[in-house]
1. Would you mind classifying region 41-99 by shape? Square roots of the alpha carbon gyration tensor eigenvalues, ordered a ≥ b ≥ c; an a/c under 1.5 is rounded, otherwise it is prolate if a/b is larger than b/c and oblate if not.
2. Can you compute the modelled spin-label distance between GLU174 and SER123, with each label point 7 Å from Cα toward Cβ, in nm?
3. Provide the FRET efficiency to the nearest 0.05 for the LYS194-LYS289 pair, computing r from the beta carbons and using R0 = 41 Å.
4. May I ask you to compute the full-extension gain from ARG44 to ARG248, defined as 0.36 nm times their residue separation minus their alpha-carbon distance, rounded to one decimal in nm?
5. Take the Cα atoms of region 149-221, find their three principal axes, and give me the spread along each one in whole Å, biggest first.
6. In nm, to one decimal, how far is the modelled label at LYS101 from the one at LYS78, with both set 7 Å along Cα→Cβ?
7. Within region 39-76, list the residues whose amide N lies under 17 Å from a label point set 7 Å along Cα→Cβ of SER257.
8. Quick one: compute a quarter of the convex hull surface over the Cα atoms of the chain and quote it in nm².
Amino acid sequence: MKMRLLLRIAHRTGDQHTIKMVETTLENMARGGIYDHLGGGFHRYSTDPIWLVPHFEKMLYDQAALATVYLEGYQVTKNPMFESVARGILNYVLTDMTGPKGGFYSAEDADSEGEEGTFYVWSDAELKEILSLEEYRLAYRLFGVSSEGNFEESGKNIFHLSKNYDWNENAVLEVKNLKKKLLEIRKKRERPFKDDKVLTAWNGLMISSMAKASQVLQDPDYLVAAQNSANFLKTHLYEKKKLARRFRDSEAKFTASLDDYAYLIQGLIDLYEADFDEKWLDWASQLQKKQDE
């Protein structure tokens, strides 16, 4: 959120130095291991200066916030990399973090098979076994693979992209086929636990992000996702003009807090600006009155 604020202020004041600083940070994050180069979306955080080794948990609120930052970064800089990353985040949410009725799930754990990151990392030997020589050489060049690995003492590799790699190569057929193959193999692994709670506040954030994406990228799929989430919340988490905090196992539970009201109201306003359906403004107004109380 700090980057988003910096970007907006710099854009309005014409501060090219700050815009370039934010652009560089966004590029470095997207190149690092904190970004999932196969499945899209960002892991929770990294503590090294090049964003290489993440805590592998994936949180819905991170996806919402970062997608919005990359969308606004794309608007300001016209950097096509930022459009690609925003789509990667949002498509991950649509594919892996959206329930059958439209509510967005909360998180995916970092651990599987009893260890952190197992689902996401690769050994050099495994890649040599599953890939052709040509594919392996491409993976070696793209993802910085080595026999020593870069993930603690495991000898396994976190995929990341070097500064010498041109992001536009992601559109090359050989690269797309390699990523598709690796993703299909990864899907056969034991997946980290998915927290399928639907939280009102975090869905509000994601509604804002999806609505904005539908405008910036002119993609109706993102608008439909925002509408579906809003309809889910109104159907399952709003009763007698009172908002609930979370939904899971067919049960809405806990009285909503300030952040639930604030983020959902903002999401509904952003959704109205995307589809001009006044029912979202009407509901936002009702929620605001309750929040004021």
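1. oblate
2. Spacing of the two 7 Å Cα→Cβ label points: 2.8 nm.
3. 0.70
4. Gain in length upon complete extension: 71.2 nm.
5. Principal axes ranked by extent give 40, 32, 24 Å for the Cα atoms.
6. Result: 4.6 nm between the two label points.
7. Within reach of a label on SER257, which here means backbone N under 17 Å from a point 7 Å along Cα→Cβ, region 39-76 contributes 60-62.
8. Approximately 16.5 nm², given one-decimal rounding.
The values are calculated or read from the model by the stated rules, or taken from the named source; none is laboratory data. Predicted model, so just to flag it, every value in this text is computed and none were measured. All Cβ positions, glycine included, derive from the backbone under ideal geometry; neighbour counts span all protein chains shown. Side chains included, ligands, DNA and RNA excluded: accessible areas come from the protein's heavy atoms. Shrake-Rupley method; radii C 1.70, N 1.55, O 1.52, S 1.80 Å.
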